[in-house]
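Nothing in this text is a laboratory measurement; each read-out follows from the coordinates by a stated rule. Quick caveat: nothing in here was measured; it's all calculated off a predicted structure. A quick note on method: Cβ atoms are made from the backbone with ideal geometry, for glycine too, and the neighbour counts reach across all protein chains shown.
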Amino acid sequence: MNKHIFKDVATHLPEHCQPTADILSQFGGKWPLAVFGTLNGGPKRFSELAEEIRGISQRMLTLTLRTMERDGMVIRRVTPVVPPRVDYELTERARSLQGPLTALHHWANAEAEGIAESRREFDARGE
């Protein structure tokens, strides 16, 4: 069974579009963005992440963290104490994504009302 929640979805696209589509599919859901935003303040334990990200199940948090670790976005550090302490932290690769994600965030906020209006107008046409 594949334990990753995100699949390689870009394989059918032209080769030059694949890297962008792959990354957008990874961060297109709310959970990776929530984990990214929460870890942006520094390393956190699993339980801290679970508390701070409202609505996420333990399974979804585990799958999201594993997928982000697989992509080299998160480092998982285990400290051998009883009970074991596990901390998660953003990698430099993930930190380099902060600028583009911030730009996308600002764009989305600036365009949100216009997009909502366009949707209302489209829906009103009944197409």
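So who's got an amide H within less than 5 Å of the one on LEU13, skipping anything under 5 residues away but keeping other chains? H placed 1.01 Å off N, in plane.
Close amide H contacts, sequence-distant or interchain: none at all.
Given H placed 1.01 Å from N in the peptide plane, which residues other than close sequence neighbours of VAL86 have an amide H under 5 Å from its amide H?
For VAL86, whose amide H was placed from the backbone, the distant partners under 5 Å are PHE46, THR79.
Please compute the contact order of the chain in relative form: average sequence separation of alpha-carbon pairs under 8 Å and at least six residues apart, divided by the residue count, as a percent.
Relative contact order here is 21 percent.
Most exposed first by the Cβ proxy, i.e. fewest other Cβ within 10 Å, how do VAL35, VAL81, VAL74, VAL86 rank?
Ordered from fewest to most neighbouring Cβ atoms within 10 Å, VAL35, VAL81, VAL74, VAL86 come out as VAL81, VAL86, VAL74, VAL35.
Report, in degrees rounded to the nearest 10, the 0 to 90 angle that the Cα long axis of helix 30-39 makes with the longest principal axis of the chain.
50
How large is ³J(HN,Hα) for each residue in segment 108-123, as worked out from phi by the Karplus curve 6.51 cos²θ - 1.76 cosθ + 1.60 (θ = phi - 60°), to whole Hz, x for Gly and Pro?
4, 5, 5, 9, 4, 5, x, 5, 4, 5, 4, 5, 4, 5, 4, 5
Fewest Cβ neighbours within 10 Å first, please rank THR20, THR62 accordingly.
Ordered by Cβ neighbours within 10 Å, fewest first: THR20, THR62.
From the phi of every residue in segment 47-64, what ³J(HN,Hα) in whole Hz does the Karplus formula 6.51 cos²θ - 1.76 cosθ + 1.60 yield, where θ is phi - 60° and glycine or proline is x?
Using θ = phi - 60°, the values come out as 5, 5, 4, 4, 5, 7, 9, 5, x, 8, 7, 4, 5, 5, 5, 4, 5, 5 Hz.
Taking the Cβ of each residue in LEU49, LEU24 as the centre, tally the other Cβ atoms inside 10 Å and list the residues starting with the fewest.
Listed from fewest to most nearby Cβ atoms, that is LEU24, LEU49.
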